[in-house]
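Beneath this line is the structure, given in structure tokens, with notes to follow.
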């Protein structure tokens, strides 16, 4: 693997009077990140998943601290304990919600079988709320030059907007996606601040559409010809990243990205390759475990497998369970290295920031947000960094 | 180094650093002086002085020592690139790494996680069955019936099944079920019927509903076989097993889901371990229902063994080995239990041969 370490690690030069567009840099070593997620996966295994709050925090700390903008590195000040508390609070709130959901679903089913399925929509709205609040937590934990980012706005208004757009998405088979993203980003960025600099989003849905409409046409084909799916998805992600980054503004600070369509496709293929390799290793392991267990029972080999007895053998089930857990964790390591770290580095490498002088003397403002949103996001399994 | 005016030298290095005061984002090139406190000054003007014992390490990029101070604004940062100066400061600040959790913090996380895991597993294995037992009698019948209606509608949609009610067959079925119901000591609130589906099965729903699939009727050779099955399902009703199962199942899924959280793809794991736990509970309920069925059949003066034979005919030989994931006991064991306590028939047959014939063809269109 190539060790990404651009630019060469030298102390930043004193800023000239009229700064040119400032490339953004990443100083972290791939090896360090790999060790971090490897150890984290081990601890997740030992703690049956509870370590995830601290692992997520460590990953963010690594990525933030090694991201240099204008020569100064960012910092992530969130902590695992905050995420744990957010998770517990979310749990306390979600439990009655789940019970209520169950009871309402029961009444609905009483009237018509499977009538409770539309209630899933409620959780979609809730998930959008969680996404907004989780972003707010992350942003208020992001510090650059001794000043934090912060966020206002209402998670519920955002959730309402996102849900209405979601409805339109269904009606138009996804064709409104560019305009949906533009509208939602506008809301998010308008309510984002760096000190006393207000954010805004200048990306337009039409531009996104012009760059990506052909992917929308190709998607139905990808459902039949799966090997082209990673190409389509990779190109889509690259277009989305470039469009999104190029729309970000904080006061006079402008972000621009030159990510090319093909830049991310390789990463997705590498992940697929690793999944195939790990899957093979896992199957070989399962085979060996079966042979081992079979050789320990009295019945002959063929009889053991023919009688379906092996489906019920406890040692085999335990071995399979442990193997599966290790397999899942190894996949997590692969995904985190390629789709978090490498993707981050690749995307950062395409970014230019201009007008940084507007951020040279910004007054600190804004309060910390709690980690409730992160807790909801964890409880509802909606994505996030 | 690139610092413009190295005026005040520390013991090592030229003392140059970058300082952010945490109030504005201004980047200040400062010089550091290590006296009894760490003094930060810009162009000769003092900006801050930090006590060594209050200085903490903050996350920084590779090759940069980034410091914060407990008594300064929370986000004030000092960045030192000079290695010698950094090493000097590290040796002076004894409490620098107090904020980083370190090995002890990780041990605490692991320890408490394991404690949480153990207590969750203990609750799943020992607490939940108890809770389900105690909670079930407290659930109002009306609520249970409501649940039953819901399940009823779903089952009928899922199997695309209609209730079979050709007149003669229905008459025979009512006769059979009434005899069993009375022997079982259940009141008339029990609803039952035959569903047109080729799946050889029968089941009880919460709130007093018992269904027999036509597929099982087709495989049965005499009324006693079917009577035992119905008695078994009535046993579930009597014990309110589906309500108990619901509480037990829901609780188990929830708690195990708590445990494994977000390990990607863990839903298979959650499903797997839940199956293990709940099926052991369900096997127990099945054995109890079997015992109940045997009891009822004896009260009717009919043998229980035919039911066991029917079960074996349906499932086929299941083989030996511990079936820890199956929800029912092995058919062989069930047959053995039913034959062990078998008595020969002492009462009259439950159905006449005409009635039996009518029951078998309950799903064929009205003749």
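Observations on the model:
- Extreme residue, nearest to residue A:144 (Cα to Cα), among residues of the range A:202-236 that are out of contact with any helix residue (DSSP H, G or I) (no Cβ under 7 Å at 6 or more places or on another chain) and touching a residue at least 40 places away in the same chain (Cβ under 8 Å): A:202
- Residue B:47 passes every criterion in (1) away from chain A (no Cβ under 14 Å); (2) closer than 23 Å to residue A:365 by Cα apart from (1).
Each row is one residue, and each column tells you yes or no for (1) at pLDDT below 75; (2) over 30 Å from residue B:348 (Cβ atoms).
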{"residue": "B:222", "(1), (2)": "no, no"}
{"residue": "B:249", "(1), (2)": "no, yes"}
{"residue": "B:252", "(1), (2)": "no, yes"}
{"residue": "B:258", "(1), (2)": "yes, yes"}
{"residue": "B:290", "(1), (2)": "no, no"}
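- Looking across the range B:163-191, the residues that are assigned to a loop (DSSP other than H, G, I, E, B) and over 18 Å from residue B:358 (Cα atoms) come down to B:185, B:186, B:187, B:188, B:189, B:190.
- The lone exception for residue A:67 - which of (1) facing another protein chain (nearest Cβ under 10 Å); (2) under 28 Å from residue A:321 (Cβ atoms); (3) buried (at least 19 other Cβ atoms within 10 Å of the Cβ) it fails: (2)
- Residues being out of contact with any helix residue (DSSP H, G or I) (no Cβ under 6 Å at 6 or more places or on another chain), under 16 Å from residue B:66 (Cα atoms) and either outside the structural domain of residue A:138 (by TED's automatic domain parsing) or in a helix (DSSP H, G or I) (or both) - total across the range A:63-97: 2
- Residue check, residue B:66 touching a residue at least 40 places away in the same chain (Cβ under 8 Å) and either within 13 Å of chain A (Cβ to nearest Cβ) or crowded, with 18+ Cβ neighbours inside 10 Å (or both): no
- Looking only at residues of the range B:70-81 that are within 12 Å of another protein chain (Cβ to nearest Cβ) and in contact with a strand residue (DSSP E or B) (Cβ under 7 Å, 6 or more places away or on another chain), we find that the one that is farthest from residue B:21 (Cα to Cα) is B:80.
- Among (1) buried (at least 20 other Cβ atoms within 10 Å of the Cβ); (2) without any contact (Cβ under 8 Å) to a residue 40 or more places away in the chain; (3) in the same structural domain as residue B:34 (by TED's automatic domain parsing), the one test that residue B:71 misses: (1)
- The range A:325-367: number of residues that are free of Cβ contacts under 8 Å to residues at least 12 places away in the same chain and part of a helix (DSSP H, G or I): 1
- Look at (1) surrounded by 18 or more Cβ atoms within 10 Å (Cβ to Cβ); (2) within 14 Å of another protein chain (Cβ to nearest Cβ); (3) out of contact with any strand residue (DSSP E or B) (no Cβ under 6 Å at 6 or more places or on another chain) and you find that residue B:148 fails only one, number (3).
- Test: residue B:228 is in a helix (DSSP H, G or I), more than 29 Å from the chain's Cα centre (by Cα) and either in contact (Cβ under 8 Å) with a residue 12 or more places away in the chain or not assigned by TED's automatic domain parsing to the domain that holds residue B:161 (or both): yes
- Subset of the range A:316-334 [more than 10 Å from chain B (Cβ to nearest Cβ) and farther than 15 Å from residue A:292 by Cβ]: A:326, A:330, A:333, A:334
- Taking every residue in the range B:82-109 that is away from chain A (no Cβ under 14 Å) and pairing it with any residue that is surrounded by 11 or more Cβ atoms within 10 Å (Cβ to Cβ) and assigned to a helix (DSSP H, G or I), at least 6 positions away or on another chain, the pairs with Cβ-Cβ distances below 7 Å are B:92/B:52; B:93/B:52; B:94/B:53; B:95/B:53; B:96/B:90.
- Selection status of residue A:362, surrounded by 21 or more Cβ atoms within 10 Å (Cβ to Cβ), farther than 30 Å from residue A:283 by Cβ, within 12 Å of chain B (Cβ to nearest Cβ) and at pLDDT 85 or above: yes
- Within the range A:98-201, strands (runs of 3 or more DSSP E) holding 3 or more residues that are modelled with pLDDT of 90 or more and within 14 Å of chain B (Cβ to nearest Cβ): A:142-144, A:147-151
- Residues within the range B:313-367 that are closer than 24 Å to residue B:173 by Cα, modelled with pLDDT of 75 or more and more than 32 Å from the chain's Cα centre (by Cα), tallied: 21
Residue by residue, here is whether (1) assigned by TED's automatic domain parsing to the domain that holds residue B:213; (2) farther than 23 Å from residue B:242 by Cα; (3) surrounded by 13 or more Cβ atoms within 10 Å (Cβ to Cβ) holds:
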{"position": "B:138", "(1), (2), (3)": "yes, no, no"}
{"position": "B:141", "(1), (2), (3)": "yes, no, yes"}
{"position": "B:144", "(1), (2), (3)": "yes, no, yes"}
{"position": "B:156", "(1), (2), (3)": "yes, no, yes"}
{"position": "B:165", "(1), (2), (3)": "yes, yes, yes"}
{"position": "B:168", "(1), (2), (3)": "yes, yes, yes"}
{"position": "B:171", "(1), (2), (3)": "yes, yes, yes"}
{"position": "B:181", "(1), (2), (3)": "yes, no, yes"}
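- Boolean, residue B:272 is closer than 27 Å to residue A:53 by Cα, at pLDDT 65 or above, surrounded by fewer than 19 Cβ atoms within 10 Å (Cβ to Cβ) and assigned by TED's automatic domain parsing to the domain that holds residue B:176: no
- Note on the range A:27-55: among residues that are closer than 26 Å to residue A:350 by Cβ and touching a residue at least 40 places away in the same chain (Cβ under 8 Å), the one that is nearest to the other protein chains (Cβ to nearest Cβ) is A:27.
- Residue in the range B:183-191 that is closer than 17 Å to residue B:228 by Cβ, surrounded by 15 or more Cβ atoms within 10 Å (Cβ to Cβ), touching a strand residue (DSSP E or B) at 6+ places or on another chain (Cβ under 6 Å) and assigned by TED's automatic domain parsing to the domain that holds residue B:354 present: no
The values are calculated or read from the model by the stated rules, or taken from the named source; none is laboratory data. Keep in mind the model is a prediction, meaning the values are calculated, not measured. Every residue, glycine as well, gets a Cβ built from its backbone with ideal geometry; the counts of neighbours run over all protein chains shown.
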